[in-house]
Amino acid sequence: MDNSPDTDTACPAPGFPPVHGEFPEVVILGSFPSRQSLLKNEYYGNPQNHFWYIMEALYNINRKLPYSVRTSRLAEHRIALWDVLSSCCRAGSADFRIRDPVFNDLPGFLISHPTLRLVVLNGSTAGRYYHQMTIPTPVPSVILPSTSAANTRSTLAEKVRAWGIIRIHTTQ
C-alpha cells in the first residue's frame, strides 16, 4: 500500500505534531492538513489558504517569511497550531472525504498547557470532530470560518474580522 501523501490512496495519512511555545494562550485546531500541507510539511501550506493572510492582518506576520519564522512569531504571540485528527484516510484534501479519523490527544494537550484561554476551531469540520470528544477542561472553544479557499461563504475581510477574536485572548 502506498502511504505517501501525494497519492489519492494515502491511508492512513499521518498529521503533524503541535507547534507551540512555552505558554500558549490560544490553540488553533484544523481538521487535518491538506494534501499540499502534507507535501510541504507545513500547517496551512496551500498558498491559496487564507490562514497566513489572516495572521498577517492580525499580527503583522509576513506570510512570505520562511515557515519556521512564521510559526516562531505565532508562538511569540502565544498561539499554538494543531489539528483535531492525528491521522485519517482521505482522497485529496476535502474534509468531506475524511474516513477512519483518529483523534489527537487534545484533552492531554489542554491539561498540560494550563495557560490556554481559548480553543479556536478552524471551520465546521474541526468543530464537529472536536465536539465529539470529551474535553475535561473549562477552556472555551469557538468555531470560526474556515480559512480554506474552498470556503467561499466568507470573504477574506470577513474572515479577518471573525478571526480577530483571538487577539482578545492573547497577551502578546
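By DSSP, the beta bridges lying fully in region 13-168 are antiparallel in about 30 percent of cases.
Placing +1 on each Lys and Arg Cβ and -1 on each Asp and Glu Cβ, with no other charges, gives the chain a dipole about its Cα centre of roughly 480 debye.
Computed per residue of the chain from DSSP H runs no shorter than four, each worth -39500 (n - 2.57), the mean residue ellipticity at 222 nm is -7500 deg cm²/dmol. So which cysteines in the chain don't have a second cysteine's C-beta under 4.7 Å from them? Those would be Cys88, since no other cysteine Cβ in the chain comes under 4.7 Å of theirs. In the elastic network of the chain, a GNM with C-alpha springs shorter than 10 Å, the most mobile of Ile143, Ile111, Ile54 is Ile111. Placing R0 at 30 angstrom, the Cβ-Cβ distance between Leu65 and Arg97 gives a FRET efficiency of 0.45 after rounding to 0.05.
The Cα atoms of region 13-168 define a convex hull whose projected area, averaged across directions, is 8.3 nm².
Applying the criteria of a DSSP loop state and at most 13 other Cβ atoms within 10 Å to the trypsin sites (Lys or Arg not before Pro) of region 43-80 yields Lys64.
Each reported figure results from applying straightforward, stated rules to the coordinates on display, with no laboratory input. Just so it is clear, the structure is predicted and the values come from calculations on it, not from any experiment. A quick note on method: Cβ atoms are made from the backbone with ideal geometry, for glycine too, and the neighbour counts reach across all protein chains shown.
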